[in-house]
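One structure is given here, and the rest of the page talks about it.
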Amino acid sequence: MANSSIQFEPSSFSMNPHHRSPEYNALLLAGPRLGPLKQAHARLVVAGYASSLPLTTKLATLAVAAGAASYAHLLAVSHPAPDSFLFCTLTRAAAHRGLPAAALTFYRSLLTAALPFSSFAFTAVAKACADLSALRVGMAVHAHAILFGFGSDGFVQTALVVLYSKCGQLAVARKLFDAIRDRSVVAWNVMISGYEQNGLAERAIEVYKEMQMAGEAPDSATFVATLSACAQAGALDLGREVERRIVSERMDMSVFLGAALVNMYARCGLVNKAREWFDKLQERNVVTWTSMIAGYGMHGHGHEAIKLFHLMRREGPPPNDVTFVAVLSACAHAGLVSEGRDAFATMKSVYGLIPRAEHYCSMVDMYGRAGLLDDAMQFIHDSIPGEPGPEVWTAMLGACKMHKNFNLGVEVAERLIALEPENPSHRVLLSNIYALSGKMNHVEKVRNTMIKRRLKKQIGYSLIEIGGIAHLFRMGEKSHPQTRDIYQYLEELIHRITDAGYVPETDSVLHELEEEEREFALRYHGEKLAVAFGLMMSAGSTAPIRIIKNLRICGDCHLAIKYMSAVENQEIIVRDKHRFHHFKDGKCSCQEYW
DNA sequence: TGCGGCATAC
């Protein structure tokens, strides 16, 4: 924020005349480039400055910045009297440069030389461990930090919150966060983003709200992390509120903030708002473009995605591997087979990118959804090097189910189960396929195996946000305070859609595996309850009803919601695990292509 | 010389 008081610029006084020596200037001139640095090094040796500590420190730091960590290490350990500052600086430079293993090496040198520590060493080495997701080493570093008296240093504590978050230890991260006495805005930000990055968007949002309650002023990184959490949770109301603050506080629209806004709107279902922001942004990088393309893809707007991709190729930054995941997935969800095939070829021939599992997966999915099961199998055999991973077979299995190819489906499912025996979703799909082909004795067998092996399928839920509050509905949910009204509303709604021609798609009920779920059947699936609640609460309003579902929407709910959108004359938008469904006038934007 | 931020398959 603008500070109205007059202050001296500290930088104009920080020039140390000592650093103006010709040797030091030669190092600065060489910069982080290995060749020139080696020449400057040679001159230092000739001029007799080889044992000057400040010059060695600068030289070695620049070598790390040039990526030559082992050269820097050699310089440091061959110095007759290296000091703590030298190793701390190198640890930090290596961590900063994305050389975490080298950072650990410098940190060990500091330990073995029995030199004093500074908090800088701990923040740097904690970051290195975080980047490596090296929990055990990180815990040792944490112990050292406490031992050497830096346990309550705010910078060190914050770096440790990052470490535990990156290692997935959110409970530990939170405990450390709570223990920080004067939490800086950075501490709040890392806690928000720690939850968000670990898929705990609701917790991230809670921390953001706590931060507001604590009267802490957010900065642009706070908003970036919070918008990501909103995108993940589908929390549109909060996302809009954050947007309002960003605009009203005239916050600098960094490339991060811009991409976060585009992403939030796309993933909350407002793909046009996402595009408005995309067009408005001054600065767009590969992530901004990729977010927008992915946004079109998940809404089934394959042609828009391809159009934007072509525009990107003409006037945007070069697409990277993630861009191609978004492009291929967009093609798969819109049935654009030849466009997808072209993009896949371009990726390799023009951009020299090596396809990963995600790309193969999208290609198989694309052929498979389009009903080209033979092409999908051929692609698996001809284009994928080595053994295809389980993700590829999962895509293939989905296609078999979609196009009711039972023989191939059973074959693929058995292959998958052999590959990942503990993954319940493969068995759920296999039982779906048996159910669809009417082999109820086989369904029963799969179900019994799952019970015996204690494999539980993921519990589905649907969320709806009303007035900024998320209401969660599982199948047969009865804990909501308005349960009676909701069920009554749903009963009436089902009567009305039945009059309009709705016939329950009972295929979808056959794979319900848990006992307690069976008694409720399709009628009370979470998404139906959530839609009923949404319709009930929005009587008279024309704003679309927005539902977020954690799994894929089932066939019967898909059908029922189409009818609901017609009889209630209301747009209903459902985000499921894979994409958006916009229901309007009895039709869905996915055109049964999901 | 220190802690933090955006996009990805089923």
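The values are calculated or read from the model by the stated rules, or taken from the named source; none is laboratory data. These numbers come from a predicted model, not from an experiment. Backbone-built Cβ (ideal geometry, glycine too); neighbour counts: all protein chains shown. The area values use the complete protein model at the heavy-atom level, side chains included, leaving out ligands, DNA and RNA. Shrake-Rupley method; radii C 1.70, N 1.55, O 1.52, S 1.80 Å.
Taking 0.36 nm per residue of sequence separation and removing the Cα-Cα distance, the A:Ser248/A:Asn550 pair yields an extension gain of 105.4 nm. Dipole magnitude for region A:308-395: about 280 debye, using +1 per Lys or Arg Cβ and -1 per Asp or Glu Cβ, origin at the Cα centre. Within region A:323-423, the trypsin sites (Lys or Arg not before Pro) that combine a DSSP coil assignment with at most 10 other C-beta atoms in a 10 angstrom radius are A:Lys404. If you take the Cα centroid of region A:63-87 and the Cα centroid of region A:294-349, the two points sit 45 Å apart. Approximating the spin labels as points 7 Å out from Cα along Cα→Cβ, the A:Phe148-to-A:Ala114 distance works out to 1.5 nm. Helix-only arithmetic for chain A: the sum of -39500 (n - 2.57) across DSSP H runs with n ≥ 4, divided by the residue total, places the mean residue ellipticity at 222 nm at -19500 deg cm²/dmol.
Counting Lys +1, Arg +1, Asp -1, Glu -1, what net charge surrounds A:Arg92 among other residues with beta carbon under 14 Å of its beta carbon?
+2
Measuring with a 1.4 angstrom probe and ignoring ligands and nucleic acids, A:Phe379 comes out at about 20 Å² accessible. Computed on region A:152-241, with alpha-carbon pairs under 8 angstrom and 6+ residues apart, the relative contact order is 24 percent. Measuring with a 1.4 angstrom probe and ignoring ligands and nucleic acids, A:Leu455 comes out at about 20 Å² accessible.
Is the shape of region A:171-227 rounded, prolate or oblate, going by the alpha carbon gyration tensor and its root eigenvalues a ≥ b ≥ c, with a/c under 1.5 for rounded and a/b larger than b/c for prolate?
Here region A:171-227 falls in the oblate category.
The angle between the Cα long axis of helix A:236-248 and the main principal axis of chain A comes to about 40°, on a 0 to 90 degree scale. R0 = 41 Å: FRET efficiency of A:Met213 with A:Asn423, Cβ-based, nearest 0.05? The computed FRET efficiency comes out at 0.50.
Using R0 = 30 Å, the C-beta based FRET efficiency linking A:Ala470 and A:Lys280 works out to 0.55. What a 1.4 Å probe finds exposed on chain A is 55% carbon and sulfur by accessible area, rounded to a whole percent. Since only A:Gly368, A:Ile545, A:Ser291 are under comparison, the one whose Cα sits farthest along the positive direction of the charge dipole of chain A, derived from C-beta charges on Lys, Arg, Asp and Glu, is A:Ser291.
The trypsin sites (Lys or Arg not before Pro) of region A:203-260 that meet both conditions, a loop assignment by DSSP and at most 16 other Cβ atoms within 10 Å of the site Cβ, are A:Arg250. Couplings for region A:415-426, taken from phi via the Karplus curve 6.51 cos²θ - 1.76 cosθ + 1.60 with θ = phi - 60°, read 4, 5, 5, 5, 6, 9, x, 8, 8, x, 5, 5 Hz in order; Gly and Pro are left as x.
What do you reckon, how do A:Ser21, A:Ser248 stack up by accessible area (1.4 Å probe), largest on top?
A:Ser248, A:Ser21
A simple spin-label model places pseudo-atoms 7 Å from Cα toward Cβ; at A:Ser589 and A:Ala140 they are separated by 5.2 nm. So how tilted is helix A:53-65 from the main axis of chain A? Cα-based, degrees 0 to 90, rounded to 10. For helix A:53-65, the angle is close to 30 degrees. For region A:382-465, the Cβ-based charge dipole about the Cα centre amounts to some 580 debye (Lys, Arg positive; Asp, Glu negative; other atoms uncharged). Residues A:Lys549, A:Lys166, A:Lys452, sorted by accessible area with the largest first, give A:Lys452, A:Lys166, A:Lys549 [1.4 Å probe; ligands and nucleic acids excluded].
Where both residues lie in chain A, what percent of DSSP beta bridges are antiparallel, nearest 5?
Around 80 percent of the beta bridges assigned by DSSP in chain A are antiparallel ones.
Shown in residue order for region A:33-43 are the 3J(HN,Hα) couplings computed by the Karplus curve 6.51 cos²θ - 1.76 cosθ + 1.60 at θ = phi - 60°: 10, 4, x, x, 5, 5, 5, 4, 4, 4, 5 Hz (x for Gly and Pro).
What chain A shows is 48 Å² of accessible area per residue, with the surface traced by a 1.4 Å probe over protein heavy atoms.
A probe of 1.4 angstrom, applied to the heavy atoms of all protein chains, finds A:Tyr593 with accessible area near 50 square angstrom.
The residue among A:Gly501, A:Gly476, A:Leu463 whose Cα reaches farthest toward the positive pole of the charge dipole of region A:461-588, with charges on the beta-carbon of Lys, Arg, Asp and Glu, is A:Leu463. Computed on the Cα atoms alone, the convex hull of chain A gives a volume of 201 cubic angstrom per residue. The accessible-area ordering, largest first, of the residues A:Met475, A:Met440 stands as A:Met440, A:Met475, per a 1.4 angstrom probe. Of the cross-linked pairs A:Lys401/A:Lys452; A:Lys456/A:Lys577; A:Lys273/A:Lys307; A:Lys175/A:Lys577; A:Lys273/A:Lys584, those separated by over 21 Å at the C-alpha level are A:Lys401/A:Lys452; A:Lys175/A:Lys577. Taking 7 Å steps out from each Cα toward its Cβ at A:Ser479 and A:Glu571 produces label points 3.3 nm apart. Just want the answer: with Cβ charges of +1 for Lys and Arg and -1 for Asp and Glu, which residue in A:Ser228, A:Ser425, A:Leu535 is farthest toward the dipole's positive end in chain A? Checked the options; the winner is A:Ser228.
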